Every structure is written in C-alpha cells, then in structure tokens.
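Single-structure report; data block below.
Please treat every number below as a calculation from the coordinates, not as lab data. Fair warning: this is a prediction, and the values are worked out from it, not measured in the lab. Backbone-built Cβ (ideal geometry, glycine too); neighbour counts: all protein chains shown.
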C-alpha cells in the first residue's frame, strides 16, 4: 500500500532521534579535530619524522573537522525535517478530527481507507453533504501522503550526501525521472519507442496487489512516483490528440496496446492522482498532484462524448422510393475508434468511470433514435452501438446504472430499446450487459457485498421488465408493417443473444424467482431482500408459488425459453436448484429423522419448470410438420441431458452446500433426466410426474447421503453409479434397472414391470421414518409447476 497516515504520524520522534544523534556525532568529530590540532601545536618533535607526524595529524584534524561539519549539516537538515514531519503529523491529526465531525466518516490511518457512513436514512441534502465530504477527504488523503513522500525523498538525499550513501541513486535506477517519463511517453505515442520505453510506460498501469485491492474496493489508489509521472505525461501529451490519432497510436503498440486504454480510464477516474503540468510540455512535479476526472480526458474524447449528434440522418429518395441514410461528420467513426481502444484495455480499470458512463449513454441515445425513426431492424448505426456495448459494457457499474435509476426504479426506456431492436449480431453484445450477473450474485470470495447487491439490482431490473411486457413474444419482423411482412417473432428468434445473456445472468436467481429458499440457494442481495408485501408486488405471491401457477415466473420463462440455448441454460439452473433442495432435505432427515416439506416443494417445482421450459423451447424449435414426433422426443432428451450435465459447471454453488453436491448430482441424474420414451410425443404440455419417479428421486437422495445403506434397498433397484464412482451403487430408474447388464452379458431385470418397480421403490421407502416418506410433495409441486409455459409467438410466425 505504501505510506499510511499512521506511519507518517510516527515519524517525528524517529527523525528527532536522528537529528540528536547527528548533532552529537558532529560535535564529537569537531572536538576530536580540535584535540588533534592542539597536539600539533604543542608538539616539540623535531626532524623529518616529527614533521611527517605533524603533517599527518594536521590532515587527521582536517578530516575530523570536515566530518563534523558534514554531520552537523545532516543534523540541521534532520531538525528541519523533524519540524516538517511534526507539522504533517499535526495536520493528519486535524484531518482525522475533521473526519469525525458530522457527518462522521470512518478513516483507518493504518490503511488510508475512507469508509462511507450508513446513508439509508439520510435526506437528499444530508446525502449530498456526505458525498462532498467523501470527495474532500479522499483528495486530502492523497495530498497528505504526497507530502510525506516528498519529505521522505528530501531527507534521504541529505543522508546520502552527508554519509556517501547511494539509496536515492539506486532508487533512481528503478524510478522514472520526469525527463525520462516525458521522453518515454513521447516515443510510445509516436510509435518510435524501444522495448524498454514501452515496458516502463506499461508499468504505469501495472498495479500492485495492494493497489488492485484499493481500486476494486473503490478507494483512492496511491500510485508510485513513476506511475504519477508517466500518467501525468500521458495526460499532458494526449490532451490535444484527435481520437483518430489516439487510435492510430494505440494500434502501433502491438502487445502493449492496453497502455492507452488504461491511461484513459485512470486519468478519467477520481481514484487516481498524477503529476500535472502547468503548461503543455512541462514535467509535472509529484508534490502537486491532480485528481483524475472527466475533464482530464483528451479534449477530443470529451467532445465526442458530450456531442448529442447521432452521426447520420434520413433523406427522402426520388419518386417516393422511401428514404436514404446520410452520414454526418465523423461521429460514428470516432465512437467506433474510441470503443476499439477501450476494449483493448484491462477491464479491471472499468469501475463506473465517466468515460464508460458517457460512452454507454451515447450508445443508448443513438439506439433510441433508431427505434424512434423506424430503424429498429438492422439500423444504420448498429455496428457502432454493438461496439459500444462490447467496450463500455464491460463496466458493470455502468451496466447497473443504465438499468437501475438513481432512485432505485427500473429504466424501462433503455430495456425497451434493447428488447425491441434487431441487432446484426443477434443481440450478443446487448446480452453481455446482463450475463455478468451470473458471476457476482452471492457475496463471498472475489465478490464484495456491494458488488453482489449491484448484481441483484441489475438482475431484478431486467427480469421483472420481461415479466411485465406482454409483447416480447410478438415482436414485429420489420420496421414498416404496412409494407410486406406483417408477421411477428419471439424475443428468442429476433435477439437470441439477448435471451441467452439474460438466461446466463439469471442462473443464480432462477430458483429464487420460483420461490426458492435462501438458506438452500444462497443469499442474493439486491434481488429480493425486501419486505414480503413489497416482494409480492414484483414477483409471484406466496399463494401463486404454493399452488404452482406462478404467472410472473412463467411469463419470464416463456419469453427466454423461445431460444433453445437460453432454455437449456435455465434448465441447468433449475435442475441444479432441485438437486440442492433434495440434498438439503435428505441431510435434514439424516440429522433429525425428518425434513422441511418445503424443500421437497422446491425440488418438484424447480424440476417441473425446467422440464416445461425445455419442452416449450423444443416445441417452438420444431414448429414444422416435417419433423417427426420421434425426432422431437430425441431432441428434447438431448436438451435435458445437456442441461443436467452442465450443472456443476454453470451453477454457482452457495458456500456450505458444495460438500457432496457432485455426488448427489450424479445420483439424481437418471431420476431427473430420465430417458427417451418413444411412445411419448414431445410437446409443450409436460405429463404429470408418476409417484414412482417422485419416490425414486427421494430414495436416490437417501442412499447418496447415507440415510439408507445400499443393503436396505431391494437389490433389484441398485445399479452402478457410473465410471466417476467405481464400485458405488445408486437407485436406478425403471429404465436403468431394465438395462443393467451383468458381466456375463445378461439383463436380469429386463422384464421388470412398472407396477413391480413401484412396489420395490415403495418397500425401500418404508425403511425411513414415516415423516420422511413424503415423496408425494415432489409430485404435486412438479405437476402444478409444469404447466402454462408456451414459447410461441402470439401471432402467426413471420419470416
């Protein structure tokens, strides 16, 4: 982390001790010199030897005198430094006292961390006071530390000069001098830099672990002097460059292209302070630092982001032949080039910067202009908009701010523009604005509580928007329905990439949307942590969850399931949540002899929603009479197997639930996925779950968790657990049991009937306490949930 306020407060007594020691040493050296000179003056030794001795003693006296003088000079400088360090320590004390004044802000002097107070109960005016004070405190921290570093350097140089040391000389070998920083940056931007120059400039944005921790926590990042010098020179020398010149300079850097993007993000962020030149071309001192911000970006970048032009316009064609598009200026070209540069940088620097926020807003404004002007299908600026989403969209704070207003409400305009537009890339770039919530839903290693809350708020915004819109499976297929095609398409057909991005982002939230228990599925701050009455206003009511109707959840899944890949992703999430709920119930039975029936409700409900969603997606995928019923059934089975096999790769398993989860997943695979039944046609109406299959799911869980030993289960039901678990046995489905082959190649239970299988399963279930035989709960929840999901357009499909 470098110097801390605590360190600087401890300096005065140490520097005073140095000054006192130097004073004593200087006095002693001068006294020694005087004593030797007195001997010379009093000596009566004659002859050459006497003369030589006198001469030697004179030189010795001179050396003592010189050493004494040099040491006393060190002492004087040390005393001066002690006074400055005491002033600095006093200023730090006043600074910390100011932080304690209302509104109180906590500052840890051992880390320099500035911690905002609780703002949940503050008025708008009080909140603004806190914001202003936080900015002031963070700026003052940087200034105090910079003063300490300057004092440190001055004292080190004095000690080197007074003692013949080389501390600062050696430091100069590894730190940039202002002159070297200026030349290095010039050559890098001009394309003439040597490998060494590029490496030195690249080092400016290569942060230490402590600096990365501060950056990711949103705290001010204390840069080294070299970093301050180089960033200051990049700021100075790029100030007057056009975006085209910046883009050209970046392209010349090859593997070091990230230099330019990282510099833009740092100089545009209030987390960094750098050496500022008073005049263009000067070498900025590091004792006068400037905090980054939007106004520190190159003028051309500021102009491009403040511009309101969309970069093109429409003109009528001759003879009433419609309209044409005319490009205006270099607006779109500059936005494209700026996006290209940003994409080449380190995404870690993209933390709610004004550069990203304003660039994203430019993309949103142009998208809205297209939609408002009948260019919602492959509009003239779409490639630029996609480029902006792929670059500024890596800033997840900005993504959140685009979908969640400052008052916490949903930004319906932006979400409408995204979902009602047909992009050339199928909505992939737009989907990336949402898919990231997959990785940051649960607080824990690598995910701060603040990040998890931001993720939850974002996921809540786009998921509830889809729930509320009745037209997302009836989207126009052209911009002018009065000419030609009057058909409609589903969201999955129009923007499959967007549907997939949403589905991926909702993986940790799918079970929660379906009424899941946080004690099983993990905390999802920002998503649904609200009063029950408020939750029921935006998600399904508890009654709708209990009876399986869930109109809100099914409205969401009916839209996203219109893309096969999105449906499979959601199936993975819901299957995994069903396994978690089943596992939780079995562990409770193992510990207490019974378990919460609600766990089994969830297990059945999640499984039913997954099956119904994938069946609906498969049905929509094969909306063609040429596809046989057998092929539909095989394709649906493949979807289910693909979804289930991805559980451990896709589903973020809550901490504490990982033990045994993989074993349970393997044990329940055949129970949940089943196998192809050629007699059953694949369509969006999912058949009810048989009682035997519900029992078999629970029985498999009991064997996997040790509630039942294998010898307590009829041997006819046991089949090998699979190659991943050699020698282990599991409870098989009817199909597993019939297909089991002995080493001699025979199938001992090939003719086992469904009734006999059910009898065997029921017998095994009677080995557990009566209260733990509630497999019917799984069946009932499944049957209610697996209804009313249709992934089809509301009207005749268009082309």
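Observations
- The range 721-760: C-alpha gyration tensor shape, a/c 1.5 cut-off, then a/b vs b/c: oblate
- Shape category assigned to the range 516-603 from the gyration tensor of Cα positions, a/c cut at 1.5: oblate
- Spin-label model, residue 594 to residue 766: label points 7 Å out along the Cα-to-beta-carbon direction sit 2.1 nm apart.
- Peptide packing: for 748-759, 579-590, 556-567, 517-528, the average count of neighbouring Cβ atoms within 10 Å per residue gives the ranking 556-567, 579-590, 517-528, 748-759, highest mean first.
- Theoretical FRET efficiency, 1/(1+(r/R0)^6), r = Cβ-Cβ of residue 120 and residue 80, R0 35 Å, to 0.05: 0.10
- Globularity index of the range 255-369, i.e. its alpha-carbon radius of gyration over 2.2 N^0.38 Å: 1.36
- Taking the range 175-306 and dividing mean pair separation by its residue count, relative contact order in percent (alpha carbons under 8 Å, at least six apart): 28
- Extension gain for residue 372 to residue 628 (0.36 nm times residue separation, less C-alpha to C-alpha distance): 87.9 nm.
- If you take the Cα centroid of the range 246-277 and the Cα centroid of the range 524-595, the two points sit 45 Å apart.
- R0 of 51 Å, Cβ-Cβ distance residue 328-residue 131: FRET efficiency to nearest 0.05: 0.85
- Rotationally averaged projected area of the range 710-784 (alpha carbon convex hull; nm²): 6.3
- Whole-angstrom gap from the range 177-235 to the range 317-393, using each part's C-alpha centre: 30
- With 0.36 nm allotted per residue and the present C-alpha distance subtracted, the residue 90-residue 152 stretch has 20.6 nm of extension available.
- Equivalent ellipsoid, the range 175-306 (semi-axes from 5 times Cα gyration tensor eigenvalues, Å): 20, 17, 15
- Ordering of 488-494, 395-401 by burial proxy (mean other Cβ atoms within 10 Å per residue, highest first): 488-494, 395-401
- Under the criterion of Cα pairs below 8 Å and six or more residues apart, the relative contact order for the range 702-799 equals 20 percent.
- Coarse-grained scattering of the range 97-138 at q = 0.24, 0.35 Å⁻¹, given as base-10 log I(q)/I(0) from a Debye sum over alpha-carbon atoms: -0.79, -1.36
- Inter-part distance where the range 700-746 and the range 411-474 are each reduced to a Cα centre, Å: 42
- Listed peptides 666-673, 205-212 by packing density, highest first (mean Cβ within 10 Å): 666-673, 205-212
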